[in-house]
Amino acid sequence: MTTITSRKRRAIMVYVADRPGVLNKISMLIRRKMYNVESITACAARQSGYSRISLTLHEDNNDNLQQVILQIEKMTEVISARELDINESFWREVALVKFEASQIQFEQFNKKYSFETLDQQNHGVHIVQLAGISKMIDDFLLDLGDDKIIEVARSGFTALDR
Amino acid sequence: MKGTELVLKALVDNGVTYVFGYTGGAIMPIFDEMEKQKVFTFVMSRHEQGAAFMAQGISRASLSTAKPMVGVCMATSGPGAMNLVTGIADALMDSVPILAITGQVASTVIATDAFQESDVVGVMMPLTKQCYMPLSVEEIEETIHEAFYISKTGRGGPVVIDIPKDIQIQTTAQTYQFNAAKYEPDLHGFKYSPEPDSTLIKKAVAMINKSECPIILCGHGVVASNAGRNLKAFAEKAHVPIGFTLHGLSAIPVDHPLSLGMVGMHGSVEANRALQHTDLMISFGMRFDDRVTGDLKQFGVDVDVIHVEIDPSEINKNVKTSIAINADANRVLKLLAKDPEINTKPRRLWFEQLDVYRGEIFEEVQKEIEKGVGQEGQLLMKTIVKRLSDVTEGKDLIVSDVGQHQMILARFYNFQTTNSWFNSGGAGTMGCALPMSVGVKLARPEERVWAVCGDGGFQMNIQELGSIMEHEIDVKILLLNNGYLGMVRQWQTMFYSGRFAGTPLKNPNFGAIAGAYSIPYQRVETPDQIMAALETAAAHQGAYMVEFLCDPSEIVLPMVPAGGSIADMIVSLNQE
Ligand SMILES: Cc1ncc(C[n+]2csc(CCOP(=O)(O)OP(=O)(O)O)c2C)c(N)n1
Ligand SMILES: [Mg+2]
């Protein structure tokens, strides 16, 4: 089950007790189930002692996804795991992009994507920050074109439901 | 108090009486403390894998007693811990609660490739129910208590605690307090739901009443939750035949009129035919392993499935259920057994059909057993197992290794005693029997224990004869020597045109080996010697070994070819 991007993207949200190795355990399980984790992000939950992990993978079959969720839930440290309904949740990503462009081009891009400029010290080299849905970031990178991009750092998804 | 003292205190508080293990640099402080305090009987295995299987033996055999125990094994860091891995992976596959304590290099040098350092937690993580590395002496006691709780609560499994050497010898301040008696685990995320939902039970009862040809599948969970009595009561009341998984065997006497014997790859004809024609599977404490189901696409198509299972992640994993009851098998069976709404249906057609299946190869097999020898004129394992049943009346405890002899025991031994059948199922680890029998005997000293091994598996942990000798463990070792890795040879015969790649064994003089360990020994070559040898072994005080010269051509049948469906079951080799 290598990532075939035609498969549906699914997001799983997991609340875990902060104990060493939990993230490792979850990613090991997903590897064992032969998925490529597309993205996995973790942050402290509002309640201290707990973390919130969101991960995405590609799977069409509901039973298979349910199986992954149940096996994650089985871990002692996992408080709960569930799928985030794509239509009922917000998924956002942050990208930091370093690229080369003339000042005119730069302003055109900025108008279209309204990114935050982080650095322009280097002549003609810009570092900007985009936050939003992945498609917007994808579009920007496509628009920019490989010849202008120097480096891209993307955070991976983080998600929240209604 | 010192870390080592806290380790011992926590083990004592958890009722530990035996510790199995092997010493080395990083575990020396704990061993030293054990020698000082002498609160446990320490059994030194001759290889750490042996210690893990001995611990398993304690846990498996004591499940059904008034005092269930969690077996404990210990090893040093690096190679010691790595030698435990197979026994721990095996315990996970078979849901056996054990606790392994490993010494680790000092926390100050962890991750520097220190002498005998390996990443134990990293290795054990996917092979255990939980693993820990306490990083302060104050964590030790609570960690051990939590480990016991996790290991034995719900579906059992192994837990590993890797304790750095400096933490073992740390001392804790006066203010440290841990109240073992009042301990309650703080495990917000641990899911354990033994109580069944009563509305689901109602639904299940209606479905059972409606069914014309139901079958009960009795799994390891029935044995593990001590539900044999309730299973029997329920099956009799509802009048439903029972098929057993490998580890479900010995939940109730296997010659019960409703018993169909084992299901699956080497199951009985009647059990597998019943699976093929049933309209309702009522399964308790089992996980529809591929050795049970064969090809999943052809298993239980359009059949209703009631699945009672304590581990929610097993439900709907392989087989779609109609009614999923995530609960303890015993609690559900207790409710079902006394549910007034259950009808006692005659199901005459179904039982008549089952009798036909029962008769399908009965006479052929009976004749073989009577003949006692195979194509090459040497002993048949099924004859030996039948005679063993006669001698023990099916009452003794049987520990089996892995291979043909194991499947033949499962098929032909007349299990009478609750929880009397111990072997490696999920992992199928050759070499398990000799060390496991040590734990089984220590857990149930009043009962007679037989360790039945093939010539291959016997040599995988043959060194444990040393522990048997040293601790005068009274196990009767039956060595079924067919000169081959028989089970693999069987596959080669059936599916690899009879090319015996890597299966013939040039064996040592087993009598001389038994002699070297001061274990009395007998060799049996003809059918007429079987009974007397078994009787001598049974009557002997102390370990005894009987070697049987077995026929390499014996094939375990029936057989559902791997990946095939139950309908493809090969019943006899001369069938087409
Ligand atoms: C550790 C391990 N290695 C390999 C196997 C594969 N295997 C399964 S059964 C078997 C043959 C067992 O031979 P023996 O112990 O002589 O028993 P027999 O089948 O002859 O009764 C082998 C090699 C295994 N189960 N476990
Ligand atoms: Mg053999």
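Each value in this text was obtained by applying a stated rule to the coordinates, not by laboratory testing. A quick note: this is a predicted structure, and the numbers were derived from the prediction, not measured. Glycine also receives a Cβ, built like all others from the backbone with ideal geometry; neighbour counts cover every protein chain displayed.
Compute the Rg to Rh ratio over region A:9-84 from the alpha carbon atoms, using the Kirkwood formula for Rh, and round to two decimal places.
Result for region A:9-84 is an Rg/Rh of 0.94.
When the expected Rg is taken as 2.2 N^0.38 Å, what fraction or multiple of it is the alpha-carbon Rg of region B:82-128?
Ratio of Cα Rg to 2.2 N^0.38 Å: 1.27.
Give the average, rounded to an integer, of partner chain Cβ atoms located within 10 angstrom of each Cβ in A:13-19.
2
In chain B, with Lys and Arg counted as +1 and Asp and Glu as -1 at Cβ, which of these residues, B:MET494, B:ILE208, B:VAL475, has the Cα nearest the positive end of the dipole, that is, farthest along it?
The one lying farthest along the dipole's positive direction is B:ILE208.
With r as the distance between the Cβ atoms of B:GLN366 and A:ASN61 and R0 = 51 Å, compute the FRET efficiency 1/(1 + (r/R0)^6) and round to 0.05. Let's see the in-between values first.
Working: r = 48 Å, r/R0 = 0.94.
In this case the efficiency is close to 0.60.
Could I have the simple spin-label model distance between B:ASP197 and A:GLU38, label points 7 Å from Cα toward Cβ, reported in nm to one decimal?
The two pseudo-label positions are separated by 3.1 nm.
Calculate for chain B the 222 nm mean residue ellipticity that helices alone would give, adding -39,500 (n - 2.57) per DSSP H run of length 4 or more and normalising by residue count, nearest 500 deg cm²/dmol.
-11000 deg cm²/dmol
Would you work out if the protein assembly as shown is rounded, prolate or oblate? Take a ≥ b ≥ c from the square roots of the eigenvalues of the alpha-carbon gyration tensor; rounded if a/c is under 1.5, else prolate when a/b is larger than b/c, oblate otherwise.
Prolate.
Compute the Cα gyration tensor for region B:513-576, then decide on rounded, prolate or oblate, letting a ≥ b ≥ c be the square roots of its eigenvalues: rounded whenever a/c is under 1.5, prolate when a/b is larger than b/c in the other cases, and oblate in all that remain.
Taking the square roots of the gyration eigenvalues as a ≥ b ≥ c, region B:513-576 is prolate.
Over 25 Å, how big is the tail of the calculated P(r) for chain A, in percent of all Cα pairs?
Working: 5444 of 13041 pairs.
The answer is 42 percent, as a whole percent.
Using only the Cα atoms, work out Rg/Rh for chain B, with Rh taken as the Kirkwood radius, to two decimals.
With Rg and the Kirkwood Rh in hand, the quotient comes to 0.98.
Please give the FRET efficiency for A:GLU88 paired with B:GLN298, using the beta carbon to beta carbon distance and R0 = 60 Å, rounded to the nearest 0.05.
Taking R0 as 60 Å, the efficiency between A:GLU88 and B:GLN298 is 0.95.
Treating the beta-carbon of each Lys and Arg as +1 and of each Asp and Glu as -1, no other charges, what is the dipole magnitude of region B:3-169 about its Cα centre, to the nearest 20 debye?
It comes to approximately 700 debye.
What is the distance in Å between the Cα centroid of region B:504-568 and that of region A:1-56?
Between the Cα centre of region B:504-568 and that of region A:1-56, the gap is 50 Å.
Could I have the simple spin-label model distance between B:VAL109 and B:ARG523, label points 7 Å from Cα toward Cβ, reported in nm to one decimal?
That separation, rounded to one decimal, is 5.0 nm.
Rounded, prolate or oblate: which fits region B:198-358, taking a ≥ b ≥ c as square roots of the Cα gyration tensor eigenvalues, rounded meaning a/c under 1.5, else prolate when a/b beats b/c?
Rounded is the answer for region B:198-358, as its axis ratio a/c remains below 1.5.
Where in region A:103-127 is the amide nitrogen less than 14 Å from a point lying 7 Å along the Cα-to-Cβ axis of A:ILE150?
Zone members listed by number: A:103, A:118-127.
Taking 7 Å along the Cα-to-C-beta vector as the label spot, tell me the B:ALA538-A:ILE104 distance in nanometres, rounded to one decimal.
That separation, rounded to one decimal, is 10.2 nm.
When the chain is fully extended, how far beyond the present Cα-Cα distance does B:ARG348 get from B:HIS188, taking 0.36 nm per residue of separation?
Values: separation 160, 0.36 × 160 = 57.60 nm, distance 5.03 nm.
In short, 52.6 nm is gained.
What are the DSSP H helices in chain B that stretch 20 Å or more along their long axis, judged by alpha-carbon atoms, and whose average Kyte-Doolittle hydropathy comes to at least -1.0?
Span-like helices here: B:48-62, B:79-93.
B:ASN179 to B:VAL12: FRET efficiency via 1/(1 + (r/R0)^6), r the Cβ-Cβ distance, R0 22 Å, to the nearest 0.05?
That pair, B:ASN179 with B:VAL12, gives E of 0.90.
Using the Cα centre as the reference, give the magnitude of the dipole from point charges on the C-beta atoms of the protein assembly as shown (Lys, Arg: +1; Asp, Glu: -1; all else neutral), rounded to the nearest 20 debye.
1040
Using only alpha-carbon positions, what ratio does the radius of gyration of region B:362-556 give when scaled by 2.2 N^0.38 Å? Please report the intermediate quantities before stating the final value.
Values: Rg = 15.6 Å, N = 195, 2.2 N^0.38 = 16.3 Å.
So the Cα radius of gyration is 0.95 times the expected 2.2 N^0.38 Å.
Assigning unit charges at the beta carbon (Lys, Arg +1; Asp, Glu -1) and nothing else, what dipole magnitude in debye, to the nearest 20, does region B:198-358 show about its Cα centre?
Computed charge dipole of region B:198-358: roughly 360 debye.
Would you mind checking the tilt of helix A:134-144 against the longest principal axis of the Cα atoms of chain A, expressed as 0 to 90 degrees and rounded to 10?
Once rounded, one gets 30 degrees.
Using alpha-carbon positions, what is the distance between the centroids of region B:313-362 and region B:133-203, in Å?
When both Cα centres are located, 35 Å separates them.
How would you rank A:ARG92, B:ARG499, going from fewest to most other Cβ atoms within 10 Å of each one's own Cβ?
Ordered from fewest to most neighbouring Cβ atoms within 10 Å, A:ARG92, B:ARG499 come out as B:ARG499, A:ARG92.
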